[in-house]
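Only one structure is covered here, and it is reproduced in the block below.
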Amino acid sequence: MNELESLQQAERGPDGNLFLIGFMGAGKSTVAQALSALYGMEVVEMDEAIERQAGMPISDIFATLGEEAFRQMETRLLTTLEPGQRCVVSCGGGVAMREVNVQAMRRSGSIVWLTATPETILARVAGSDSRPLLEGHKDIGYIQSMMAQRQLKYEAAADVAVATDGKDAAQICSDILAALQARRQEG
Ligand code: S3P
């Protein structure tokens, strides 16, 4: 891509669908909204879509149906999702743990891993009680070890990784575009 094409790309935003993956509190929902506002991309918020379909909040799904049922709902949603050409999908933090999910994402777009330190994550999730896996475990040690368990899967799934610590949403969006462009030029 030449310089002019790069500038045009930066103006119009990402070409295809984008899947935002990463740990709880990595900023997926916020960044999805920002990408939508900046580039007119349609947002699919997986947790919200599952809550709508199930008719109950995620914490109730975990409590009454169990985590495995929730994971199946995620896979069903992802594999039946037929995003248009420029959707940004804000994935639940566990989505990249299943290979079938990763394959479904790969078939229809680019996978962007948003990263953050455990300290940043803790600060972002501290005030929320909507994440059953963190209830009663909102401490650095727990977040660190859960992140370590997931790290390799996130890494293997991702086309690009973008750090979010200390950045606002606009900066993260521009870093995502730059990372995707750099990857395209490499390959
Ligand atoms: C989960 C992350 C949550 C939600 C559920 C499980 C996970 O989504 O899907 O509580 O396993 O990491 P967010 O990453 O949007 O918080």
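The values are calculated or read from the model by the stated rules, or taken from the named source; none is laboratory data. On a predicted model such as this, the values are computed, not experimentally measured, just so you know. Glycine gets a Cβ as well: all are built from the backbone with ideal geometry, and neighbour counts include every protein chain shown. Note: accessible area is taken over every heavy atom of the protein model, side chains too, but ligands, DNA and RNA are not part of it. Shrake-Rupley method; radii C 1.70, N 1.55, O 1.52, S 1.80 Å.
Share of the stretch 33-187's accessible area from carbon and sulfur, percent, 1.4 Å?
On the way: 3870 of 7860 Å².
Using a 1.4 Å probe with all protein chains present, the stretch 33-187 comes out at 49 percent carbon and sulfur.
Percent of Cα pairs in the stretch 44-134 per distance bin of 10 Å, from zero to the largest separation: 14, 46, 34, 6.
Normalising the average separation of contacting C-alpha pairs (under 8 angstrom, six or more residues apart) by the number of residues puts the relative contact order of the stretch 13-128 at 48 percent. Antiparallel as a % of all DSSP beta bridges within the stretch 1-151, to the nearest 5? Roughly 0 percent of the beta bridges in the stretch 1-151 run antiparallel, per DSSP. Using a probe of 1.4 angstrom and keeping all protein chains present, the accessible surface of the chain works out to 50 square angstrom per residue. Compared with the direct C-alpha span, the chain from Ser145 to Thr117 gains 8.9 nm at full extension, assuming 0.36 nm per residue.
Rounded if a/c is under 1.5, else prolate if a/b is larger than b/c, else oblate: which is the stretch 20-64, with a ≥ b ≥ c the root eigenvalues of its Cα gyration tensor? The shape class here is oblate.
Under 5 Å between amide hydrogens, built in the peptide plane, is the criterion, and for Val89 it picks out Leu18, Phe19, Leu20, Val44 among residues at least 5 positions away or on other chains.
Straight-line cross-link partners of Lys153 among the aspartates and glutamates, defined as a Cα under 15 Å from its Cα and at least 8 positions apart when in the same chain: Glu99.
In what sequence, highest mean first, do 87-96, 51-60, 151-160 appear when ranked by Cβ atoms within 10 angstrom? Walk me through the numbers before you get to the answer.
Values: 87-96: 24.5, 51-60: 13.9, 151-160: 16.5.
Most protected by this proxy first, the peptides run 87-96, 151-160, 51-60.
Working from label points 7 Å from Cα in the Cα-to-Cβ sense, the Ala63 to Arg184 distance is 4.6 nm. For the pair the stretch 64-96 / the stretch 105-127, the C-alpha centres are spaced 15 Å from each other.
For Ala163, nonlocal amide neighbours, meaning residues 5 or more places apart or on other chains whose placed amide H falls under 5 Å from its own, are Thr115.
Between the Cα long axis of helix 3-12 and the first principal axis of the chain there is an angle of about 40°, rounded to the nearest 10.
By how many nm would the segment from Val100 to His137 lengthen if fully extended, with 0.36 nm per residue of separation less the alpha-carbon distance? Spell out each step's value before the answer.
Values: separation 37, 0.36 × 37 = 13.32 nm, distance 2.85 nm.
Contour length minus the Cα-Cα distance gives 10.5 nm.
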